[in-house]
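Novice: The structure under discussion is supplied below as structure tokens; questions concerning it will follow.
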Amino acid sequence: SQYVMSYQGVNLGINSWGLGVATSKDGIAWDKHPNNPVIDFNASEFSLTETEQFELLFGGTTDKIKPCWPLTITVNDRGTLQGYIGASKWQDVIEIGNDLFSDAISAPCEVYQMSAFDAGSWNINQTRPVLTADQSYDEFGISSAAVVNYDGVDYMFYVGFEAWKQSEQADNVIE
């Protein structure tokens with residue numbers, strides 16, 4: 001009976017970056033969730049401690065992911081929310097980017113599943129991606145997705161890309 005939208009929001013003034021959720025009854029007028037960002041990408045569950053940073057630099061491992069962007073949200077048969085988020089494994093960020101504070105573009109963004117009982121309480125399964133970026137056409141990531149159920153089967157349609165490149169139109173912009 002309503003539309004649910006996920007979006008990535010950034011507030012540079014307070015160094016806030018995360019997943020926002022908005023709902024609409026008609027697809028035109030949208031109400032933002034009062035607890036936005038409902039997933040704070042700067043939260044400790046995504047950040048590495050100093051010990052984890054040190055360990056990863058010297059061959060350690062962690063299940064933590066570094067989010068890239070939200071992909072899609074749907075409502076399942078039980079009325080709860082299910083969605084997908086693009087994220088990189090911290091090991092890949094450090095191995096490829098060799099910079100603990102580099103953007104997620106330094107490593108491929110894969111697709112991880114997330115679920116919630118309501119729009120303000122998300123749980124991300126960080127232990128394994130549901131879709132890995134390992135083909136030539138999506139080698140470096142997946143930027144958007146939609147899930148459609150047809151005859152009891154869920155199909156994911158997504159946009160993948162094989163590389164990041166410097167924008168020809170603007171300095172300091174990666175496409």
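The values are calculated or read from the model by the stated rules, or taken from the named source; none is laboratory data. Just so you know, these numbers come straight off a predicted model, no measurement behind them. Accessible surface areas use protein heavy atoms only, side chains included; no ligands, DNA or RNA. Shrake-Rupley method; radii C 1.70, N 1.55, O 1.52, S 1.80 Å.
Novice: What is the P(r) of the stretch 1-49, as percent of Cα-Cα pairs per 10 Å bin from 0?
Specialist: 25, 45, 22, 7, 1
Novice: Can you send over the solvent-accessible area of Asp40, 1.4 Å probe, protein chains only, in Å² to the nearest 10?
Specialist: Asp40 has an accessible surface of roughly 60 Å² with all protein chains in place.
Novice: A follow-up question, please. Thr49 to Gln169: extension gain in nm, 0.36 nm per residue of separation minus the Cα-Cα distance?
Specialist: Extra length available between Thr49 and Gln169 comes to 39.4 nm.
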